[in-house]
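The values are calculated or read from the model by the stated rules, or taken from the named source; none is laboratory data. Fair warning: this is a prediction, and the values are worked out from it, not measured in the lab. Methodologically, a virtual Cβ is constructed for each residue, glycine included, from the backbone with ideal geometry; neighbour enumeration extends over all protein chains shown. To get the accessible areas, we keep the full protein, side chains included, count just its heavy atoms, and leave off ligands, DNA and RNA. Shrake-Rupley method; radii C 1.70, N 1.55, O 1.52, S 1.80 Å.
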Amino acid sequence: MRDFDLGGLVDRTPPQRLRSATAAQLARLASESGIDTCPEIAQALERIRRDEPVDLSADGALDLRMRTLAAEVRAARGLLEAARNEPGPAPVTAADLAAWVVRDSAAGALREFVELPLPAAAATVLSRRLSVRWRDDLAADLADGCPAPDGRQ
């Protein structure tokens, strides 16, 4: 996020517009990483879009999904490490691990959006976007008449 003044953005943007824009960025990150296909995450994103509370209670469905994503990263990393000492191909590839890391990172951004103050959550969400066009997306999201992530006004 070099050359990006998040503090200035936070200072000059009304809180509700910043929240809406960050939520749109979060939805894009979820789509880019593929976690939006998980029902619990899709439901959370929809609740965020509607400005409704998200249940992230310990051992709730969303928390379990997020912890599963984290466990998949650890398992893939362990399998790759163990395969270094064994002949033959590993059961997962470095590309598999990278994809799991991206999904876990996006889930972490969702967790921060739900649990942390908006400026901190916005910094995380924006820093984890995968698209090189995220700044253009953010500018559009901050513009008057900001469309929702699904395109509705």
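Of note:
- Along its three principal directions, the equivalent ellipsoid of the chain from the Cα gyration tensor extends over semi-axes of 31, 18, 13 Å, largest first.
- Only helices enter the 222 nm calculation for the chain: every DSSP H run of n ≥ 4 contributes -39,500 (n - 2.57), and dividing by all residues gives -21500 deg cm²/dmol, rounded to 500.
- For the chain, the carbon plus sulfur part of the accessible surface works out to 53%, probe radius 1.4 Å.
- Spin-label model distance (nm) - Ala82 vs Ser127, 7 Å beyond Cα toward Cβ: 3.3
- Loop sites here are trypsin sites (Lys or Arg not before Pro) outside DSSP states H, G, I, E and B with no more than 15 other Cβ atoms within 10 Å. The longest part of the chain free of them is 85-132.
- Sequence-distant contacts, meaning Cα pairs under 8 Å at least 6 residues apart, place the relative contact order of the chain at 33 percent.
- The chain, accessible area per residue, ligands and nucleic acids excluded (1.4 Å, Å²): 56
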